[in-house]
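Shown next, in structure tokens, is the structure this report addresses.
The values are calculated or read from the model by the stated rules, or taken from the named source; none is laboratory data. In this text the structure is predicted, and so the values were computed from the model without any measurement. Cβ placement follows ideal geometry from the backbone for every residue including glycine, while neighbour counts extend to all protein chains displayed. These accessible areas exclude ligands, DNA and RNA; they are computed on the full protein's heavy atoms, side chains included. Shrake-Rupley method; radii C 1.70, N 1.55, O 1.52, S 1.80 Å.
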Amino acid sequence: MTTPPSVRTPATEARPAPGTRPVSEARPAPGTRHASELLRGIGESARQPVLVASWLVVLLAVGWAVAPALFTSYGPYDGDTSASFAPPSAEHWFGTDRLGRDLFARTVYGAHTTLSATLLAVLIAFGIGTAVGLVAGFGGGAVDTAVMRVADVFLAIPSLLLAMVVVSVLGYSTRNIALAVGISSIASFARVMRAQVLTVVTQDYVRAAYGLGVGRAGVLFRHVVPNALSAVVALAALEVGTAVLAVASLGFLGYGAPPPEPEWGLLVAEGRDYVAAYPWTSVLPGAALALVVIATHRISTAYRKENRR
């Protein structure tokens, strides 16, 4: 007597082999998944008009800094005393100053000075602060205590006052302003990085790495640094707006580039004596500065919210 062959039904044919994942539950390839997340993020941003406007403001400011000649036909130093204090018009969008120089042109060209100093300041604070916080959090013990006590001293001093002291020591210039603003922000980055490192080193995957025989250097660069940097990057995005304001504030107080350099803080300072009679001399350059600061803060807030998901 022979055994009849087993009958294959659609149900048995659709059943996956042991240890395999059904086709309907298969995960997309990493590149496809990341692309879909990026497209979804872009779609969500497009539904937020304030965020879109913030990006446009930042991109415009970057365009001013990179290629100012594309946005104005006037030079930042070209003056015509017969057209001094001309009000805003189609010819002079921001009006002119006491020497007849086009204020819109000076604002556009001033973006390079202010934003380059801002970028240098943020890079200094991010690089040094991240390294210091990483050493303190991962080293622990006496190293952590000593580093954090020094950071507490720097945090106890108002950042603008500390920057003024550093500029007074180094000398007045836009480059020294960037160094001063960067140095005054190192402690904030160090504390954030340390806190993130202390959180990451307690995670199960770090303990598992040690259990598998991975050395401290491997754990540090494979697991701790990549997983601790997200919060520091979010702080760097927020620090851009703060650094722009700090650089402009020091320029306004006379610690930066001397006249006739077109620096945003200096532009506001030059028009303050005439603001009652000719308000555009300070208000319009100041409004451009304020818009850039607000836009960068809005973008950094959106980034932090997305990072917490």
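D by Stokes-Einstein for the range 213-294, Kirkwood Rh over Cα pairs, 10 °C, 1.306 mPa s: 103 µm²/s. Model label sites at Val214 and Leu56, defined 7 Å from Cα along the beta-carbon direction, differ in position by 4.5 nm. In this simple spin-label approximation, Ala290 and Val66 carry label points 7 Å from Cα along the Cα→Cβ vector, and these lie 2.8 nm apart. Out of every Cα-Cα pair that the range 252-294 contains, those further apart than 17 angstrom amount to 30 percent. Remark: the range 103-226 carries a charge dipole of roughly 120 debye about the Cα centre, counting +1 on each Lys and Arg Cβ and -1 on each Asp and Glu Cβ. Label point 7 Å out from Tyr172 along Cα-to-Cβ: which residues of the range 265-295 have amide N under 14 Å? From the range 265-295, the list is 266-267, 269-270. Need the C-alpha centroid separation for the range 240-309 versus the range 203-225, integer Å. Distance between centres, Cα-based: 44 Å.
The simple Förster model, with R0 at 30 Å and r as the Cβ-Cβ distance, assigns Leu160 and Lys305 a FRET efficiency of 0.60.
Other residues whose C-beta falls under 15 angstrom from the C-beta of Ala209 contribute a net charge of +2, scoring Lys and Arg +1 and Asp and Glu -1.
If the segment from Ala90 to Gln48 were pulled out straight at 0.36 nm per residue, it would be longer than the present Cα-Cα gap by 12.0 nm. This model, with +1 at the C-beta of Lys and Arg and -1 at the C-beta of Asp and Glu, gives the range 163-309 a dipole about its Cα centre of some 860 debye. Tell me, what % of the accessible area of the range 90-150 is carbon and sulfur with a 1.4 angstrom probe? Within the range 90-150, the accessible surface is 74 percent carbon and sulfur. Round to the nearest 0.05 the FRET efficiency obtained for Asp152 and Leu198 when R0 = 22 Å and r is the Cβ-Cβ distance. The formula returns an efficiency of 0.85 here.
Amide H contacts under 5 Å for Thr96: Phe85, Ala86, Leu103, restricted to partners 5 or more places along the chain or on a different chain, H placed in the peptide plane at 1.01 Å from N. When each of the peptides 142-149, 230-237 is scored by the mean number of other C-beta atoms lying within 10 Å of its residues, the order from highest to lowest reads 230-237, 142-149. Calculate log10 I(q)/I(0) of the range 132-258 for q = 0.11 Å⁻¹, where I(q) comes from the Debye formula with a single equal point scatterer on each Cα and nothing for solvent. Here log10 of I(q) over I(0) equals -0.48.
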